[in-house]
1. Can you work out the base-10 log of I(q)/I(0) for the chain at q = 0.13, 0.16, 0.19 1/Å, using the Debye formula on its C-alpha atoms alone?
2. Take every Cα pair under 8 Å in the stretch 9-78 that's 6+ residues apart, average their separations, divide by the length, and report that relative contact order as a whole percent.
3. Run lengths n ≥ 4 of DSSP H only: what is the helix-derived mean residue ellipticity at 222 nm for the chain, with -39500 (n - 2.57) per run over all residues, to the nearest 500?
4. Want the number for residue 7 to residue 62: 0.36 nm per residue separation, take away the alpha-carbon distance, what's left?
5. What FRET efficiency comes out for the pair residue 74/residue 26, r = Cβ-Cβ distance, R0 = 25 Å, nearest 0.05?
6. Provide the percentage of antiparallel DSSP beta bridges, counting only those with both residues in the chain; round to the nearest 5.
């Protein structure tokens, strides 16, 4: 599931709540070219469940989802 390429953009939505977590993620993905990678830091049960599922439903690839030491999660998405 891990992709060795560097991230093309990063987004920190740890302070956001749904639905803004997906809105901000989608806007960031829209700014990328197809094939580029977005690293998203998120926090909370709802964003952790909804953001990867919504991105996948839009056709983007979920490359990685992992917990970080500070309690946040890192989600890496490849724009379709």
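Please treat every number below as a calculation from the coordinates, not as lab data. This structure is a prediction, so every number in the text was calculated from the model and none was measured. All Cβ positions, glycine included, derive from the backbone under ideal geometry; neighbour counts span all protein chains shown.
1. Taking Cα atoms of the chain as identical point scatterers yields -0.32, -0.49, -0.71.
2. For the stretch 9-78, the relative contact order is 35 percent.
3. Numbers: 2 runs with 24 residues, N = 80.
Taking each H run of at least 4 residues, the total per residue is -9500 deg cm²/dmol.
4. Result: 18.5 nm gained on full extension.
5. Numbers: r = 18 Å, r/R0 = 0.72.
After rounding to 0.05, the efficiency reads 0.90.
6. Counting DSSP beta bridges with both partners in the chain, the antiparallel share is about 75 percent.
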